[in-house]
Amino acid sequence: MIKVGVLGFGGLGQAAARVLKPKQSMQWVGAADQKGYVYHQEGIDVNEAIAVYNLKGSLGYLDNYGVLSNESIKELISVGAADGYFLALPNLPNTFMAEVAQQFIASGWRGVLVDAIKRTSALAQLLELQEQFQAAGITYLTGCGATPGLLTAAAVIAAQSYAEIHSVNITFGVGIANWEAYRATIREDIAHLPGYDVETAKGMSDQQVEALLAKTNGILTLENMEHADDLMLELAGICSRDRVTVGGVVDTRNAKKPLSTNVKVTGRTFEGKIATHTFTLGDETSMAANVCGPAFGYLKAAKSLHDRGIYGLFTAAEVMPQFVN
Ligand code: NAD
């Protein structure tokens with residue numbers, strides 16, 4: 001049984017706990033949010049945790065095992081005995097994920113980490129910590145959501161038919177009924193719009209986000225995003241990063257996807273034929289399903305590397321996810 005903690009208990013963190021509920025080989029034992037944390041080695045009641053978080057704003061208010069804290073991540077790492085953590089945290093500012101990783105390194109904790117990080121520049125910061133992860137005995141799989149993540153890994157598989165890869169084009173459609181369920185995701189998406197950056201998006205109040213969404217009828221259209229799929233595919237030797245593009249449409253007022261999420265991989269075969277492979281996600285699958293499923297599949301893969309004494313940073317394009325039963 002792999003004992004798993006989740007950092008961040010917003011949209012993705014809560015979905016992660018729900019994904020783990022029926023699993024036999026993984027158990028959810030802890031989580032931290034901005035104001036508190038919960039840890040219990042025998043597992044936590046998911047429904048109760050979500051109800052308390054949504055009512056009171058923090059897991060710290062849970063009757064059993066909840067602790068209010070301004071240093072929730074640090075305290076959870078020190079009291080908890082999880083084998084691994086899924087970092088479902090906002091990467092706001094753009095250095096936050098690397099700072100959290102450094103907290104794990106400094107704590108002396110050994111285990112596995114996965115994230116669903118998005119920006120190329122954020123992944124580049126983690127790469128600089130490579131030797132520190134190795135020395136600390138941490139196996140960290142980065143970029144393990146949907147994009148980067150599931151779609152990047154699918155591109156690696158699709159590339160195998162070709163002698164040369166000309167382009168990898170990722171287009172995502174996300175439908176969420178209510179933007180407040182995924183505040184960080186939406187703020188980070190706004191940061192890609194013309195005229196915005198991570199700092200301006202981080203500084204926007206909820207009212208300002210709502211005012212922006214009111215102007216666009218709840219739709220965000222994103223093009224040529226700075227997404228780490230490009231660096232991951234370059235590091236995996238598939239193609240140079242300038243051949244990778246990512247864009248999409250997010251509807252913040254409708255759970256139905258505005259378009260089908262897909263990755264198109266175009267290349268030349270050894271016979272000289274030009275072709276395109278397309279991998280399309282089922283429209284019924286939510287963003288949460290396509291992020292949390294891969295994140296835990298990669299966490300399981302990270303655990304098997306860790307058990308074999310293989311430490312350091314790997315991307316979702318280098319390692320095959322395993323299936324969590
Ligand atoms: P959210 O805003 O719904 O929730 C964030 C959670 O983090 C909250 O529980 C909050 O209390 C907690 N938090 C914030 N600061 C904290 C701190 N200092 N210490 C402890 N906890 C803290 O976030 P979300 O919409 O679920 O998004 C999470 C991340 O997932 C974002 O970075 C988003 O970009 C990423 N994401 C990736 C993909 C992908 O495919 N790769 C897809 C969707 C979202």
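Here is how the numbers come out for the structure above:
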read-out	value
MRE, 222 nm, helices only [DSSP H, n ≥ 4, -39500 (n - 2.57), over the chain, to nearest 500]	-10500 deg cm²/dmol
Efficiency of FRET between Gln160 and Lys56 - r from beta-carbon atoms, R0 51 angstrom, step 0.05	0.55
Difference of contour (0.36 nm per residue) and Cα-Cα distance, Val46 to Thr216	57.7 nm
Calculated from backbone phi, Karplus (6.51, -1.76, 1.60) coupling profile of segment 209-224 in Hz, x at Gly/Pro	4, 4, 5, 5, 5, 5, 5, 9, 6, x, 9, 10, 10, 10, 10, 6
Inverse of mean 1/r across different Cα pairs in the chain, Kirkwood, Å	20.0
Cα-Cα P(r), segment 187-325, percent of pairs per 10 Å interval	9, 28, 34, 23, 6, 0
Gain upon complete extension [Ser167, Leu305; 0.36 nm per residue less C-alpha separation]	46.6 nm
Per-residue ³J(HN,Hα) for segment 45-57, Karplus 6.51 cos²θ - 1.76 cosθ + 1.60, θ = phi - 60°, Hz, x for Gly and Pro	6, 5, 5, 5, 4, 5, 4, 5, 4, 6, 7, 10, x
Rounded FRET efficiency, nearest 0.05, which uses the C-beta distance separating Thr280 from Glu180 and R0 of 25 Å	0.30
Potential extension, Glu199-Arg241 segment - 0.36 nm per residue separation minus Cα distance	12.6 nm
Scattering curve values for segment 1-122, log₁₀ I(q)/I(0), Debye with Cα scatterers, q = 0.14, 0.15, 0.16, 0.23 Å⁻¹	-0.53, -0.61, -0.70, -1.45
Loop chymotrypsin sites (Phe, Trp or Tyr not before Pro), segment 233-318 (other Cβ atoms within 10 Å of the site Cβ: 15 or fewer; DSSP)	Phe270
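FYI, it's all coordinate maths here, none of it is from the lab. Here the structure is a predicted model, which is why all the values come from computation and not from measurement. A quick note on method: Cβ atoms are made from the backbone with ideal geometry, for glycine too, and the neighbour counts reach across all protein chains shown.
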